[in-house]
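Below is one structure; the comments refer to it alone.
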Amino acid sequence: MLDGHHYQIAYVTRDIEEAAVRLAPEIGARDIHIRETSFPAITPTGSGTAVLKLALIWVDEVQYELIQPVKGPVEIYADLLPQDNALRFHHIAIRVDDWDSFRKEVDRRSLNVVLEGGNEALKFLYLDRRDLLGHHVEYVWATHDRWAVMGAPWAQVRGDAFSRTSGAEQ
């Protein structure tokens, strides 16, 4: 795998509200805030605006991400949904410190990018690593301020900053 810091375990579901209620007591989460987000997405089959419902739940230094695909180029999530409203493991996420160097390495190694998006404050891409690991791996870079808004412990934020965000970006 590429350099970075593992911080996230992500699951997909057909019903994020039900899944969040079931998961919260199991992981010791007190507050879960769910919101819809949209972002410009690039996939091997084209680009468009992806729309997801997300819940980002921090437990110590680990973030649990629950994802409910809504519309747009969201096949990477929708293709792995369970038949019922259960949670299904989808990916882990790795935080990278230098996006430009990381992105050059992805290109140099001709790795299989299956989804990419972001803006000036947050960039991410998913690599299809099912051949090696059995799942996708997401790589994320963000500004310090953006990590703080998402409640990242390394950004030294206290409380639930994620619930105070209002934008359409992740």
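The values are calculated or read from the model by the stated rules, or taken from the named source; none is laboratory data. For clarity, every value in this text was computed on a predicted model and none was experimentally measured. Virtual Cβ from ideal backbone geometry, glycine too; neighbours counted across all protein chains shown. Surface accessibility is based on the protein's heavy atoms, side chains included, excluding ligands, DNA and RNA. Shrake-Rupley method; radii C 1.70, N 1.55, O 1.52, S 1.80 Å.
Side notes on the structure shown:
- Accessible carbon and sulfur surface of the chain relative to its total accessible area, %, 1.4 Å: 46
- If you run the Gaussian network model on the chain, springs between alpha carbon atoms under 10 Å, then out of 153, 82, 25 the most flexible one is 25.
- By the rule of a C-alpha distance below 20 Å, with chain neighbours fewer than 8 residues away ignored, the aspartates and glutamates paired with residue 104 are 3, 116, 120, 128, 138.
- Nearest-0.05 FRET efficiency for residue 26 and residue 105, computed from C-beta distance (R0 35 Å): 0.45
- Take the chain with all the other protein chains still there, run a 1.4 Å probe, and you get 51 Å² of accessible area per residue.
- Potential extension, residue 121-residue 70 segment - 0.36 nm per residue separation minus Cα distance: 16.0 nm
- Percent antiparallel among DSSP beta bridges (both partners in the range 18-141, rounded to 5): 85
- GNM result for the chain, Cα springs below 10 Å: residue of 75, 65, 120 fluctuating most strongly: 120
- Simple spin-label estimate for residue 145 and residue 15 gives 4.0 nm between the two label positions (7 Å along the Cα-to-Cβ direction from each Cα).
- Net charge contributed by nearby residues that have their C-beta within less than 12 Å of residue 5 (K/R +1, D/E -1): -2
- For the range 34-90 and the range 8-32, distance of Cα centres in Å: 13
- Between residue 112 and residue 5, the modelled label-to-label distance comes to 3.0 nm, taking each label 7 Å out from Cα in the direction of the beta carbon.
- Label assignment, semi-axes √(5λ) of the Cα gyration tensor in Å derived from the structure, set (i) 31, 16, 14; (ii) 29, 21, 13; (iii) 23, 20, 15: (iii)
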